[in-house]
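Worksheet: one structure, shown below.
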Amino acid sequence: SFIKTIFDSHDTTLEQILNRVVQRVGEILNVDRCFIGVRDPLKERCLVAFVWGRPNFKSNEFSQANWVEEESFVDDDPLYKVALACQSSIYIEDVETTSPEILNRDFESRFCGHRAFIHGHIVQDGVLWGTLEPCVFDHPRQWTEDEHIFIETLLPLLANYVKEYVTKLQIGES
């Protein structure tokens, strides 16, 4: 399948594979930015580890250098609560018109700045290992049925790679 070509490349390290994933997803969906936030479920923290943005795009310095404790933001981020509960991914067509029960507009504009995005949940065995977040900035975006299928097919394939990456980081710290 087409998705397998994202993984079946000459990339050899986890970092190369996951960087290629955000780049290819960004290009395929024709978005402004795409990132993978990885999650350490043992220490309840997350890290924006892999970011792709269009060339010369304002968001290219979005990645975090340090882990962020979930308790520092989870109460302000209803989307992350849904992800932690391993519920279905969420497709936001317009931050400006989405219900406050679904997302915190102020939080999204302060930390992400996007207008439309996918909050893709990378889950394995009932544990959240990360999020895949392709987004656009200056206008709303309707996500097509094909795009939903693409993301929902990709997310479970990402889980092993992200889990392995997080485990590698945990081992590196011990």
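The values are calculated or read from the model by the stated rules, or taken from the named source; none is laboratory data. Note that the structure is predicted; figures quoted are calculated from it, not measured. All Cβ positions, even for glycine, are placed from backbone atoms using ideal geometry, and neighbour counts span all protein chains on display. Keep in mind that these areas ignore ligands, DNA and RNA; they rest on the heavy atoms of the full protein, side chains included. Shrake-Rupley method; radii C 1.70, N 1.55, O 1.52, S 1.80 Å.
Some points to look at:
- Matching option when the condition is crowded, with 19+ Cβ neighbours inside 10 Å and not aliphatic (A, V, I, L, M), among Thr153, Thr131: Thr131
- If the condition is being of a type in the set (A, V, I, L, M), assigned to a loop (DSSP other than H, G, I, E, B) and either closer than 21 Å to Val51 by Cα or in contact (Cβ under 8 Å) with a residue 40 or more places away in the chain (or both), then segment 65-109 contributes Ala65, Val95.
- Verdict on Glu61 being at pLDDT below 90, in a helix (DSSP H, G or I) and under 20 Å from Leu47 (Cα atoms): no
- Residue match in segment 140-161 (condition: assigned to a loop (DSSP other than H, G, I, E, B) and touching a Lys or Arg at 6+ places or on another chain (Cβ under 7 Å)): yes
- Note on segment 98-131: among residues that are of a type in the set (D, E, K, R) and under 21 Å from Glu147 (Cβ atoms), the one that is modelled with the highest pLDDT is Arg115.
- First in segment 153-172 and within 11 Å of Gly130 (Cα to Cα), second anywhere and polar (S, T, N, Q) and assigned to a helix (DSSP H, G or I), Cβ under 7 Å, 6 or more apart: none
- Of residues in segment 8-32 being open to solvent by 60 Å² or more (accessible area, probe 1.4 Å) and assigned to a loop (DSSP other than H, G, I, E, B), the one modelled with the lowest pLDDT: Asp8
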